[in-house]
Every structure is written in C-alpha cells, then in structure tokens.
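*Asks:* First the structure, which I've put down as structure tokens, then a few questions once you've had a look.
Each value in this text was obtained by applying a stated rule to the coordinates, not by laboratory testing. These figures come from a predicted structure and were not determined experimentally. Neighbour counts run over all protein chains shown; Cβ positions are idealised from the backbone, glycine included.
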Amino acid sequence: MVNFTEIGSFQSKFELQGKEVLALGKTTVWQRLKKLKNLEKTIIKYQDDICEALKKDLGKSEAESKISEIFILLSELRHTRRNLSTWMTDKPISSPLFMLGSRSYIRHESKGRALIISPWNYPVLLSFSPLIGAVAAGCPVILKPSEYSANASVLIAKIVEEVFDEREATVVLGGVEAAQALLKLPFDHMYFTGSNAVGKVVMRAAAEHLSSVTLELGGKSPVVVTSSAYVPKASERIIFTKFFNNGQICIAPDYILVDKSKKDVFISSLKKEIDNLFGQAKTSRDYTRIINKRHYDRLKDLFEQSVEAGAEVIAGGEFIEDELYISPTILYVKDEDNPIMEQEIFGPIMPVFEYDGLEHAVQFINRIERSLASYIYTTSKKEETYFLNHTRSGGGAINHGLVQLANYNLPFGGSSQSGFGKAKGVESFLAFTNQRSLVKNSAYFSIVDLLGYPFNKAKLKIINLLLRWF
Ligand code: NAD
C-alpha cells in the first residue's frame with residue numbers, strides 16, 4: 001500500500017511494474033487462476049471486516065453489504081475463474097477464400113500497465129471487479145480507491161497487499177491530488193468509475209498518452225410507468241431499487257415518469273411501500289446513510305431548490321445532519337425544468353412527473369444526456385418496443401430495476417455521456433486485453449504472392465476476377 005504522501009514511491013512502483021509487463025503478460029492460465037483463487041479466499045476471510053468498514057463509511061447493513069458488494073463480487077470472480085481458460089485461448093477466425101493457405105486468429109495479450117480509479121458508493125465491488133479483469137488479462141495494476149470511503153479503502157489496500165506482489169498490483173491511498181498525479185503517468189489502460197465531470201478529466205489525461213480508457217460514469221436514469229403497468233409490483237420494486245444504498249447507485253432510478261391515468265394510484269402505492277419496506281426509516285437497520293457532509297449538503301440544497309421552484313413533497317423531506325440521514329423522499333413535480341433535473345440526484349430523493357402519452361415520455365427523456373440505465377414498467381409489448389426504439393441508455397430493465405448488474409454475462413456500461421467501454425465477466429477481461437490479430441502464412445506459398453509487383457496482364461486478370469467475385 002502506498003500513501004499519497006509517498007508520491008515518489010508510487011512513481012517508482014509504476015516503473016517497477018513497467019518491467020513486469022511482458023513477464024506478467026505471458027503468465028499461464030494456471031498462474032492467473034491461482035492469484036484469483038487467492039483473492040477470493042482473502043475476500044472471504046475479510047468479509048466481516050468489509051461489512052464493518054461499509055457500516056462505518058455508509059451505515060450499510062450487513063445483509064446489504066453482503067448481497068450488493070461481496071456476493072456480486074464473488075460471483076463475478078468465480079465466473080472469471082471458470083471461464084478464463086477459454087477467454088485466454090487463441091481464437092480462430094475464418095479467412096476469405098482469396099487468403100487460401102493462411103490461418104487467421106486472435107491472440108489475447110495483456111494491454112500493459114493499468115490504472116484503476118474507483119468511487120465510494122460500492123467501494124469494494126467497484127475496486128475489485130475491474131482488478132479481477134486486469135489480473136485475468138495479465139496486466140500490472142495501480143488501484144486508487146476513493147478517499148470518501150476511507151475505511152473500505154484501507155481494507156482494500158490491505159487485501160491487495162496480502163494477495164499480490166507489488167509488481168503485480170498495488171493500491172495508492174489518497175484523494176484528488178493522488179488521482180491527478182497518477183493520471184500524469186503513461187498507463188496503457190485507464191479504467192475509471194465515477195462522475196461524468198471527472199470522467200472528462202480522465203479522458204483528457206488519457207489523450208496525452210493515447211492510453212485506452214474505460215469510463216464507467218453516471219447520469220439520470222429514467223423510469224417510465226405506463227398506463228398498463230401493474231402498479232402494486234411496480235411501486236414496490238421502484239421503492240426498493242431507488243432507496244437501496246440510499247439512492248447512491250449509478251443505475252438507481254433518478255426520476256419517474258408516470259402516465260397521467262395512473263398518477264394518483266401510483267403515488268399512494270409508493271407511500272405505502274415506503275412503510276412496508278422500511279417502517280420508520282430513521283430507526284431501520286436496513287436504511288443506509290449519506291456518505292459525507294458534502295453530499296448531504298448537496299442533496300439538502302437540491303431538495304430545497306426543487307421545493308422552492310414548486311415541487312410538492314409527497315413523502316419524507318426529513319433531514320438530520322448529525323446522522324447524515326435523509327428520509328426516503330418523494331416529490332411530485334410539474335415543471336420539467338425544475339432544478340431537480342439539473343444534476344444526477346445520487347441520493348434518496350425521487351421526483352415523479354406525469355406524462356400524457358408515451359411520445360411525451362420519450363421526448364422528456366431525450367432532452368437529457370444519455371443515461372446509464374433506463375427502466376419501463378408495462379404489461380404491453382407494444383409500449384415496451386416503442387420505449388426501446390425511441391430511447392438510448394447503457395442498459396436497463398423491463399419491469400424491474402438494478403437487476404441488470406447482477407448478471408455477469410451481460411456487458412455493463414454506459415452509452416455516450418454515461419460512459420463507454422463495457423465491464424463484467426468477459427468484458428472486463430477484454431477491457432484490459434489487446435486482441436492481437438494475426439495471419440499465419442505458409443513459409444513457402446501464399447496467394448498474396450501472386451498479386452505483388454511486377455504487375456502484368458495475367459495479374460490484372462486475377463485482380464479483375466477478385467473485384468468481380470469477392
Ligand atoms: P468522483 O468522480 O467524484 O470520484 C471518483 C474517483 O475519482 C475517486 O477515486 C476520486 O478520488 C477521483 N477524483 C475525484 N476528483 C478528481 C479529479 N479532479 N481528478 C482526478 N480524479 C478525481 O465520483 P464519486 O463521487 O466517487 O462517485 C459517484 C459518481 O460515480 C456518480 O456520478 C455515479 O453515477 C458514478 N458511478 C458510476 C458507476 C458505473 O459503474 N458506471 C458506478 C458507481 C458510481
């Protein structure tokens with residue numbers, strides 16, 4: 001583990017890792033599996049400490065930490081272990097007839113030195129998930145977790161130190177200055193998870209070195225509740241997925257658009273579900289807290305501005321600074337330009353707008369930058385198809401929320417402003433892999449030889465045939 005104060009030492013670690021790129025890149029599948037197994041064992045060994053750290057950082061309950069961070073992480077890790085041998089194997093690629101006599105294939109090679117910068121909302125999952133991909137691909141890694149989730153970050157550093165030689169993977173603890181200093185180094189791949197604003201900083205830095213980048217960003221993920229939606233289930237699932245981790249999830253529902261015919265019944269059902277799921281949220285062991293005062297203040301400000309601009313408080317609206325507590329809050333908003341629409345909410349405040357016809361709903365959505373997720377609750381195939389055909393997002397779900405993250409077989413990531421490059425399972429492996437395209441030719445004969453200089457009439461005939469038939 002390296003603290004930012006020892007800046008010179010992480011520069012030297014970067015150089016040290018540079019010397020290992022080729023050696024790590026040619027490690028066998030068994031060597032990589034051993035490291036991943038060791039990582040799995042160590043995460044399991046420290047699972048209670050992880051829960052404790054997350055309790056301190058975010059007030060997360062043990063059950064929530066186990067299901068949303070440890071289980072999702074271990075399932076992805078085991079999936080990688082089960083499939084790595086196939087992923088690493090050279091992939092034969094068919095050749096067109098005019099390349100007869102040659103064999104094309106893809107060799108999976110590590111990209112080289114990797115930088116991973118992770119956020120605070122799922123600090124364990126979002127640090128280790130890309131690390132698994134990098135280790136599977138054979139890349140040395142420097143990982144900088146968030147300074148906001150300080151307890152989890154220290155533990156992440158301890159686990160990495162226990163499992164890996166520092167030439168393979170090391171953790172830098174620190175804040176913005178540490179991240180900015182790291183971004184000055186010419187990594188081969190930069191994998192960033194965080195806000196859109198910092199994503200731009202990372203991309204600018206990557207441009208300086210022509211490093212490849214994966215940007216896992218955020219955005220305002222819409223939820224549409226149509227006139228055909230089954231309201232009791234829709235409201236239960238929306239409350240659960242919005243207030244999980246206190247709304248501090250990149251793919252959490254950000255705002256709701258409900259068909260005007262269902263507005264009243266939907267809103268009263270939402271209120272009922274808050275009671276069902278949390279009872280008194282303030283005393284509920286399941287209800288997470290806001291990460292820190294800065295985000296608490298940001299959310300309080302946003303709430304006040306929204307109400308001042310005409311939003312009606314339907315539920316919640318209680319703020320307790322000492323506890324960084326914000327009650328599950330629902331706002332009914334008429335004005336599409338209410339301040340609540342000016343930033344990603346990333347907290348337990350949920351605005352509900354009504355719409356008149358699905359065309360109106362998609363117009364509303366398409367005014368805003370592309371989201372990481374989008375959701376629709378409907379029982380009509382026609383409505384579902386219309387919604388999918390007329391909107392874009394990184395991923396999403398029909399008649400649920402968040403669940404797309406749990407399937408490691410699905411690529412996870414954004415679209416345009418919500419990021420690019422995909423993660424999870426094979427996609428994480430590929431993010432850190434150079435797919436080297438190779439054509440193996442006979443040492444003695446190749447059709448291509450027939451087509452080289454000097455050109456003559458016979459060769460021109462062959463070329464004309466190619467033009468005609470291939
Ligand atoms: P953030 O962008 O503020 O910070 C993320 C990381 O970047 C931290 O490690 C931080 O130290 C570093 N950082 C902050 N400012 C920096 C700067 N100026 N230069 C370089 N590095 C800097 O994000 P956050 O507040 O930690 O996380 C919340 C955001 O992350 C939300 O927008 C959320 O939607 C997004 N997010 C996305 C995903 C995803 O998978 N797409 C997952 C979780 C969170």
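*Asks:* Counting other C-beta atoms within 10 Å, and keeping those with at most 15, which DSSP coil trypsin sites (Lys or Arg not before Pro) do you find in segment 344-407? The partial results should precede the final answer.
*Replies:* Working: sites: Arg367, Arg370, Lys381, Lys382, Arg392; in loops: Arg367, Arg370, Arg392.
Within segment 344-407, the qualifying trypsin sites (Lys or Arg not before Pro) (loop, at most 15 other Cβ atoms within 10 Å) are Arg367, Arg392.
*Asks:* Apply the Karplus curve 6.51 cos²θ - 1.76 cosθ + 1.60, θ = phi - 60°, to the phi angles in segment 136-150 and return the couplings in whole Hz, x for Gly and Pro.
*Replies:* 4, 7, x, 9, x, 10, 10, 10, 10, x, 6, 6, 6, 9, 4
*Asks:* Would you mind counting up the charge near Phe266? Only other residues with Cβ under 12 Å from its Cβ, with Lys and Arg at +1 and Asp and Glu at -1. Provide the component values of the computation, followed by the final result.
*Replies:* Working: positive: Lys233, Lys260, Lys262, Lys263, Lys271, Lys272; negative: Glu236, Asp259, Asp264, Glu273, Glu354.
Surrounding charge for Phe266 is +1.
*Asks:* Here's a follow-up. Please give, to one decimal in nm, the separation of the simple spin-label points placed at Ser416 and Tyr230, each 7 Å out from Cα toward the Cβ.
*Replies:* Rounded to a tenth, the inter-label distance reads 3.4 nm.
*Asks:* For segment 26-40, in order, what is each residue's ³J(HN,Hα) by Karplus, 6.51 cos²θ - 1.76 cosθ + 1.60 with θ = phi - 60°, in whole Hz (x at glycine and Pro)?
*Replies:* Those phi angles translate into 9, 5, 7, 4, 5, 5, 5, 4, 4, 5, 5, 5, 4, 5, 4 Hz.
*Asks:* For segment 145-203, just the Cα atoms, rotate onto the principal axes and tell me the three extents in Å, largest first.
*Replies:* Projected onto its principal axes, the Cα set of segment 145-203 covers 33, 26, 17 Å.
*Asks:* In segment 419-470, how does Rg compare with the Kirkwood Rh, expressed as the Rg/Rh ratio over alpha carbon atoms?
*Replies:* 1.31
*Asks:* For q values of 0.10, 0.20 Å⁻¹, compute log₁₀ I(q)/I(0) with the Debye formula on a Cα-only model of segment 172-278, without solvent.
*Replies:* The Debye formula, applied to the Cα set alone, gives -0.47, -0.95.
*Asks:* Which ordering of Cys51, Cys139 is given by a fewest-first count of other beta-carbon atoms within 10 Å? Before the final figure, lay out the partial values.
*Replies:* Values: Cys51 20, Cys139 30.
Sorted ascending by nearby Cβ count, the order is Cys51, Cys139.
*Asks:* Same structure, new question: Does segment 216-284 classify as rounded, prolate or oblate by the C-alpha gyration tensor (a ≥ b ≥ c root eigenvalues; a/c under 1.5 gives rounded; else a/b over b/c gives prolate, otherwise oblate)?
*Replies:* On the way: a/c = 2.58, a/b = 1.10, b/c = 2.35.
Oblate, since a/c reaches 1.5 and b/c is not below a/b.
*Asks:* Now a separate question. How big is the equivalent ellipsoid of the chain along its three axes, where each semi-axis is √(5λ) from the Cα gyration tensor, reported in whole Å from largest to smallest? Present the calculation step by step, with values, prior to reporting the outcome.
*Replies:* Numbers: eigenvalues 386, 187, 73 Å².
For the chain, the ellipsoid semi-axes come out as 44, 31, 19 Å.
*Asks:* With the contact rule set at Cα under 8 Å and sequence spacing of 6 or more, what percent relative contact order holds for segment 360-459? List each step's numbers first, then the result.
*Replies:* On the way: 108 pairs, mean separation 21.1, N = 100.
In percent, rounded to a whole number, it is 21.
*Asks:* How big, in percent, is the set of alpha carbon pairs in segment 1-144 lying more than 19 Å apart?
*Replies:* Working: 6397 of 10296 pairs.
Tail of the P(r) past 19 Å holds 62 percent of the pairs.
*Asks:* Sticking with this structure for a sec: Loop only by DSSP, 16 or fewer other Cβ within 10 Å of the Cβ. Give me the trypsin sites (Lys or Arg not before Pro) in segment 173-238 that pass, ordered by residue number. Write out the running numbers ahead of the final one.
*Replies:* Details: sites: Lys184, Lys200, Arg204, Lys220, Lys233, Arg237; in loops: Lys184, Lys220.
Passing both the DSSP loop test and the Cβ count: Lys184.
*Asks:* A further question on this structure: If amide hydrogens are placed 1.01 Å from N in the peptide plane, which non-local residues have theirs closer than 5 Å to the one on Tyr377?
*Replies:* Amide H neighbours of Tyr377, under 5 Å, 5+ apart: Val224, Val225, Thr226, Asn399.
*Asks:* Counting other beta carbons within 10 Å of each residue's own, what order do Met190, Met350 fall into, fewest first?
*Replies:* Numbers: Met190 23, Met350 26.
Ranking Met190, Met350 by Cβ neighbours within 10 Å, fewest first, gives Met190, Met350.
*Asks:* Can you give the % of DSSP beta bridges in the chain that are antiparallel, to the nearest 5? Write down the numbers at each step before the final one.
*Replies:* Numbers: 19 of 57 bridges.
Here the antiparallel bridges make up roughly 35 percent for the chain.
*Asks:* Then there's this: Rounded, prolate or oblate: which fits segment 249-356 when a ≥ b ≥ c are the square roots of the eigenvalues of the alpha-carbon gyration tensor, with rounded for a/c under 1.5 and prolate only if a/b beats b/c?
*Replies:* oblate
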